[in-house]
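> The structure is given below, and queries will be raised subsequently.
Read-outs: derived from the displayed coordinates by stated rules, not from any lab. Every value quoted in this text rests on a predicted model; they were computed, and no experiment measured them. When we count neighbours, we look across all protein chains shown, and the Cβ atoms used for this are built from the backbone with ideal geometry, even at glycine.
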Amino acid sequence: MFFDALKANWWVFVLRGVCGLVFGALALLLPDVTFATLVWIFGAYAFVDGAINIVCAVRKARAGERWGALLAAGVVGLAVGAVTVVWPAITALALLAMIALWAITIGVLEVIAAVRLRKEIQGEWLLGLSGIASIAFGAVVLFAPGAGALAIAVWVGVYAILIGSTLIGLGVRLRMASEPGEMGTPAPTAV
């Protein structure tokens, strides 16, 4: 049932991944862009990502499936995006803390989803890797805030490209599979 919901929404992973790749490329190609512009771009990315997660949560709720983690991720994304856009003059340190906390929260939720998915497919490591990368990125930004805006733009770009790539890979694998076993043998369950 969980696999069916993921497979039916394979395109969401690809869409999130493409958004991440576009955002990451912009951050890497334009590192001299002002931090205020990065604030706007990040706010839009977090808002779109949150909206997509909420749409998925509504679909899962209608199907009678678990939807709490998606809703939580969506609300966090919308809140971070809205705060970032409404208060663009926010200090760089506060923005870095918001980015770090957002990445850590999303990472924890993705790891939880990957653990649940391990019983359905073997390729769940892509979502788990995405979550671990999010947590690591958030921790680096949170504990090393002294880096300049250009360095942060590069870190954010690399992070978004890594996450985008893993999400696209997962979406493509879900699209190609017609049954859980086609993505790999499900993990054995403890007796």
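> What nm distance separates the two modelled labels at Leu29 and Lys119, each placed 7 Å from Cα along Cα→Cβ?
The modelled label-to-label distance comes out at 4.4 nm.
> In addition: Label Arg66 and Ala51 with points 7 Å out from Cα along Cα→Cβ: what is the distance between them in nm?
2.8 nm
> Could I ask something else about it? Rg to Rh ratio, the stretch 40-88, alpha-carbon atoms and Kirkwood radius? The partial results should precede the final answer.
Values: Rg = 11.6 Å, Rh = 10.6 Å.
Reported Rg/Rh, Kirkwood definition of Rh: 1.09.
> So, one more: Taking just the alpha-carbon atoms of the stretch 1-115, what radius of gyration and Dmax come out, in angstrom?
Computed over the Cα atoms of the stretch 1-115, radius of gyration and Dmax are 15.1, 47 Å.
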